[in-house]
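Visitor: The structure under discussion is supplied below as structure tokens; questions concerning it will follow.
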Amino acid sequence: MSLSHHRWRLTKKILTGLFFIAVIVLIVVYARKIDWQDVGRSVRDYSPATLLIATAWVVISYLLYGCYDLLGRAYCGHKLAKRQVMLVSFICYAFNLTLSTWVGGIAMRYRLYSRLGLPGATITRIFSLSITTNWLGYIVLGGVIFVAGVVDLPAHWYISDVTLRMVGSVLLLISGVYLWACAFAKRRYWEVKGQKLILPSCRFALLQMLISSANWMVMAMIIWLLLGQSINYFFVLGVLLVSSIAGVIVHIPAGIGVLEAVFIALLAGEHASQGTIIAALLAYRVLYFFIPLALATVCYLGLESRAKKLRAKNEKVMAK
């Protein structure tokens, strides 16, 4: 390992640690200012209809995420049944959201797909495509939202509106380069550590962007509904995008605290009370994180109990 690489890793760890400390301090400061009685009132004020509609959007979001692995099925050409692919995707996504990408996105995928009969190389390509698809949607939406100046950053915040627009421009450039490469690149594959990475078609890339963008927009829709629909939807979407990248930088399981800190910093006061924001995010976590995790745990145990039988059936299909 080179000295410069070692210094960069050390610098990254220090910056991540400082950001983590800043988030904790921000949470503590805001927690002392929050009117928890207001939070309780906001939670009690949710109508059954609102919670039912939000739950429906949660189901739609998980189905959209399942399409990432269906794209992986088409990309790799494996023959696992679509319902098995969707089930594995649901389990992995629920564990990924709460217990980190390493647990849900990687370890759980390798465990389940290998139990169902897929080789490691294929699983790696599925996981890589899923990650790419997820962030392609983020890049497209983030580019549009940030360049359009939808997110109104506070004057005292860490970055300025101009910087955010520059970030948006870079994101749009990245998405454009990816589409251009998929459409016109003459070299269509590379080998990285024994893994063959094949560049998809432009149509496939557009489908990745469309499905992933729809999923990010649905997540924002859930929060927007729980906030009472009183704030501009695209502003809520922009705040979600900002909080999501902050959560990735900090690497806290489920992004606990980061989501709340960013939403409070950007929405509290002029747009909504702190109690309303906290109540909405608590409800969002229950509907989007915790209930699916409980269901995914049951599904995981069921899939594990049937894995040998399913693998034998899959091997017969693959042998044809």
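The values are calculated or read from the model by the stated rules, or taken from the named source; none is laboratory data. Computed from a predicted structure; not experimentally measured. Note: ideal-geometry Cβ built from the backbone for every residue, glycine included; neighbour counts use all protein chains shown. To get the accessible areas, we keep the full protein, side chains included, count just its heavy atoms, and leave off ligands, DNA and RNA. Shrake-Rupley method; radii C 1.70, N 1.55, O 1.52, S 1.80 Å.
Visitor: Net charge near S130: determine it from the other residues with C-beta under 14 Å of the C-beta of S130, scoring Lys and Arg +1 and Asp and Glu -1. It would help to have the intermediate numbers written out before the result.
Guide: Working: positive: R73, R109, R125; negative: D69.
In short, +2.
Visitor: How would Y189, Y93 line up by accessible area, probe 1.4 Å, largest first? Show your work: numbers first, answer last.
Guide: On the way: Y189 120, Y93 10 Å².
Per-residue accessible area, sorted high to low, gives Y189, Y93.
Visitor: Let me ask something else about it. Distance from the Cα centre of region 178-192 to that of region 198-244, in angstrom?
Guide: The distance from the Cα centre of region 178-192 to that of region 198-244 comes to 26 Å.
Visitor: Within the set of other residues whose C-beta is less than 10 Å from the C-beta of G149, count the net charge using Lys and Arg as +1 and Asp and Glu as -1.
Guide: Overall, the nearby charge balance is -1.
Visitor: Also, quick follow-up: Enumerate the amide H contacts of L197 below 5 Å, restricted to partners 5 or more residues apart or on another chain; note that Pro and chain-start residues carry no placed amide H.
Guide: Long-range HN contacts for L197: W190, E191, V192.
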